[in-house]
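This is the structure I have questions about; it appears just below.
Just so you know, all these numbers are worked out from the coordinates, no wet-lab data involved. Treat the numbers as computed from the prediction; the structure is a model and nothing was measured. Glycine also receives a Cβ, built like all others from the backbone with ideal geometry; neighbour counts cover every protein chain displayed.
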Amino acid sequence: MTTISNVIETKFSFKPPFEGFTQSIVEFFRDGTNQVKYSSGLSFEEYCSTRPDEEYILVSSQELGELMEGYENSLVTAPVEISKERFTHALEVLPPCRWRDYGLGNAFHISERNYGSNVNWYVEKFGKYYTFSNSDKLSDEQVASIISKI
């Protein structure tokens, strides 16, 4: 019987390359069997055989965390100039977060996340407008440093 108390390990599968999400969750049981969650009881091997043209990789929770952190870091971008209209739209579409004067320019990020803590920041500096993607956890000093390099 495969009950939660018999689960000894949980792994996550995805199709390479890792693009920020998993395909399924696989539970491994004390009796040596495994089962893909929400698959009507298929083992991982059976699940893969129903998709012969697709490759899946299994990773632990720790490995998944590392993959997710790497993916989130890959979303960080340098500032690029945008139109005033795009800046205004971003300011009005969702409530702005951390909207303030950072010394050399005003900046905010929209509340919607791209992935994890990655958000789109918007900057107005000397009548020009910019956007970049980075963490919502940047310190005020880090935001000011990015703005200073524009």
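Once phi is turned into θ = phi - 60°, what whole-Hz ³J(HN,Hα) does the Karplus curve with 6.51, -1.76 and 1.60 give for every residue of the stretch 95-110, x standing for Gly and Pro?
x, x, 10, 6, 6, 6, 8, 9, x, 10, x, 8, 8, 7, 10, 7
Hey, which lysines would be in cross-link range of LYS128, C-alpha to C-alpha under 21 Å, not counting anything within fewer than 8 residues on its own chain?
Correct list for LYS128: LYS84, LYS149.
Turning to a different aspect of this structure: Given axes a ≥ b ≥ c from the Cα gyration tensor, I'd like to know whether the stretch 80-148 is rounded (a/c under 1.5), prolate (a/b larger than b/c) or oblate.
Numbers: a/c = 1.63, a/b = 1.06, b/c = 1.53.
Cα axes put the stretch 80-148 in the oblate bin.
Sticking with this one: Scan the stretch 51-106 for GluC sites (Glu not before Pro) in coil per DSSP, keeping those whose Cβ has at most 14 other Cβ atoms within 10 Å, and list them by number. Don't jump to the answer; show the numbers that get you there.
Details: sites: GLU54, GLU55, GLU63, GLU66, GLU69, GLU72, GLU81, GLU85, GLU92; in loops: GLU54, GLU55.
Filter output for the stretch 51-106: GLU54, GLU55.
Right, another one. When the chain is modelled as a GNM with alpha-carbon springs shorter than 10 Å, which of ASP101, ASP140, ASP31 fluctuates the most?
Per the Cα network of the chain with a 10 Å cutoff, ASP31 tops the list.
In whole Hz, with x marking every Gly and Pro, tabulate ³J(HN,Hα) for the stretch 42-58 from phi via Karplus 6.51 cos²θ - 1.76 cosθ + 1.60, θ = phi - 60°.
6, 6, 4, 5, 5, 4, 5, 5, 7, 9, x, 8, 10, 9, 10, 10, 9
Now a separate question. What residues have an amide H closer than 5 Å to that of LEU42, excluding those fewer than 5 places away on the same chain, when H is modeled at 1.01 Å from N in the peptide plane?
VAL36
May I ask you to list the residues of the stretch 114-150 whose amide nitrogen lies under 12 Å from a point 7 Å from Cα along the Cα→beta-carbon direction of LEU104?
125-126, 142-150
Whole-Hz Karplus ³J(HN,Hα) for the stretch 117-127, in order, using 6.51 cos²θ - 1.76 cosθ + 1.60 and θ = phi - 60°, x for Gly and Pro?
Those phi angles translate into 9, 6, 10, 9, 9, 10, 10, 10, 9, 6, x Hz.
Further question on the same structure: Among the trypsin sites (Lys or Arg not before Pro) in the stretch 25-130, which ones are in a DSSP loop with at most 12 other Cβ atoms within 10 Å of the Cβ? Mind listing them?
Here the sparse-neighbourhood loop sites are ARG30, LYS37.
Starting from the eigenvalues of the Cα gyration tensor, five times each then square-rooted, give me the equivalent ellipsoid semi-axes of the chain, largest first, whole Å. Don't jump to the answer; show the numbers that get you there.
On the way: eigenvalues 395, 44, 33 Å².
Whole-Å semi-axes of the equivalent ellipsoid: 44, 15, 13.
I've got another one for you. Using the Cα gyration tensor of the stretch 4-74, with a ≥ b ≥ c the square roots of its eigenvalues, what is the shape: rounded (a/c below 1.5), prolate (a/b larger than b/c) or oblate (neither)? Display every interim value, and only then the final one.
Details: a/c = 2.80, a/b = 1.39, b/c = 2.02.
It comes out oblate by the Cα gyration axes.
While we're looking at this one, here's another question. Using only helices, what value at 222 nm comes out for the chain when you add -39,500 (n - 2.57) per DSSP H run of length 4 or more and divide by the total residues, to the nearest 500 deg cm²/dmol?
Values: 4 runs with 39 residues, N = 150.
The helix contribution divided over the chain gives -7500 deg cm²/dmol.
Below 14 angstrom from the Cβ of SER74, what's the summed charge of the other residues (Lys, Arg +1; Asp, Glu -1)?
-4
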